[in-house]
1. Going by the structure shown, is Asp172 at pLDDT 95 or above and out of contact with any Gly (no Cβ under 8 Å at 6 or more places or on another chain)?
2. Tell me, which residue of the range 187-207 that is more than 9 Å from the ligand (Cβ to nearest atom) and hydrophobic (A, V, I, L, M, F, W, C) is surrounded by the fewest Cβ atoms within 10 Å (Cβ to Cβ)?
3. Touching a residue at least 24 places away in the same chain (Cβ under 8 Å), more than 16 Å from the ligand (Cβ to nearest atom), assigned to a helix (DSSP H, G or I) and in contact with a Lys or Arg (Cβ under 6 Å, 6 or more places away or on another chain): is that true of Ile13 in this structure?
4. Suppose the filter is among the small types (Gly, Ala, Ser), within 17 Å of Asp102 (Cα to Cα), without any contact (Cβ under 8 Å) to a residue 40 or more places away in the chain and touching a strand residue (DSSP E or B) at 6+ places or on another chain (Cβ under 7 Å); does Ser165 pass it?
5. Within the group Phe103, Phe73, Phe97, which residue is among the aromatic types (Phe, Trp, Tyr), surrounded by 16 or more Cβ atoms within 10 Å (Cβ to Cβ) and within 15 Å of Tyr156 (Cβ to Cβ)?
6. Given the conditions (1) touching a strand residue (DSSP E or B) at 6+ places or on another chain (Cβ under 9 Å); (2) within 16 Å of the ligand (Cβ to nearest atom), which single one is not true for Phe45?
7. Out of Asn212, Asn222, which single residue is modelled with pLDDT under 95, in contact with a Pro (Cβ under 7 Å, 6 or more places away or on another chain) and either within 16 Å of the ligand (Cβ to nearest atom) or in a loop (DSSP other than H, G, I, E, B) (or both)?
8. Residue under question is Glu175, and the condition is that it be more than 16 Å from the ligand (Cβ to nearest atom) and over 22 Å from Ser67 (Cα atoms); does it hold?
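The values are calculated or read from the model by the stated rules, or taken from the named source; none is laboratory data. As the structure is a computational prediction, the values presented were derived from the model and not from experiment. Here the Cβ positions follow ideal geometry from the backbone for every residue, glycine too, while neighbour counts run over all protein chains shown.
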Amino acid sequence: MDRILKGSIDSFIENTRHKHRGSQTVGEYHPSHIPYCMRRVWYDFKIGREFPIEVKRKMEAGKVIHSWMDGVFKSDGKITVLETEITKERGIGGLKFKGTCDFIVEADGQKAIIDIKSTSWLKSQIEKGQDLKDHHITQVMVYSWMFDIPTAYLLYIDRSDLTTSCHKVEFDKNEFEGILRRTTTLDAHLTENTLPEAEGKLDKDRNWECKNCPYSVECENNKMEVKE
Ligand code: SF4
């Protein structure tokens, strides 16, 4: 029985596809494509390799936290959940963004987007004052534009003990224009089939991105022939 139980969980996780991986179409970008190592995202479009099981486990744990937060919001009379897990598309300048926003809520007469980030590092990062991450700000700002809701909150939750931290992110036109420029660059690399720089390796603040990268071998060899 114990092996059957464990096997069921492992095979469920193994067979789960990350939500934006089913539709990797050039010209159509998920908010999470934009801030990460551009070369990795390029390989993701060209190869679309699955994440390792360790990463998938964390993603599934994140889904559990999302469901739990839904219950938390609904049990608290001060916050009204207007919508959950809403998928939307919006185009601009020949690019299309497509993504699923965690929650749209209303409190104190104000509508806001809530993006939940489940982590394993929250407490240590709160101590250093580094829990708010730029790559998450980028993602949530795209959601603000897509849903036309200028106020968003990044709600970080530690998977180990449900410690939380919360940050308000207001839509910023200049920052969004930078996001559009970066997306245009990614789009050009994909349509012209040119390999982007290995940003994860080149910038020491981004080295963490290489840790679980499924394309490290291709990246090391600057590989362009990517048919699997
Ligand atoms: S190994 Fe690092 S630099 Fe190379 S594609 Fe992956 S994340 Fe980017």
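1. The answer is yes for Asp172.
2. Result: Ala188.
3. Here the answer is yes, as Ile13 does meet what is asked.
4. No: the conditions fail for Ser165.
5. Phe103
6. Every listed condition holds for Phe45 apart from (1).
7. Just one listed residue meets the conditions, Asn212.
8. yes
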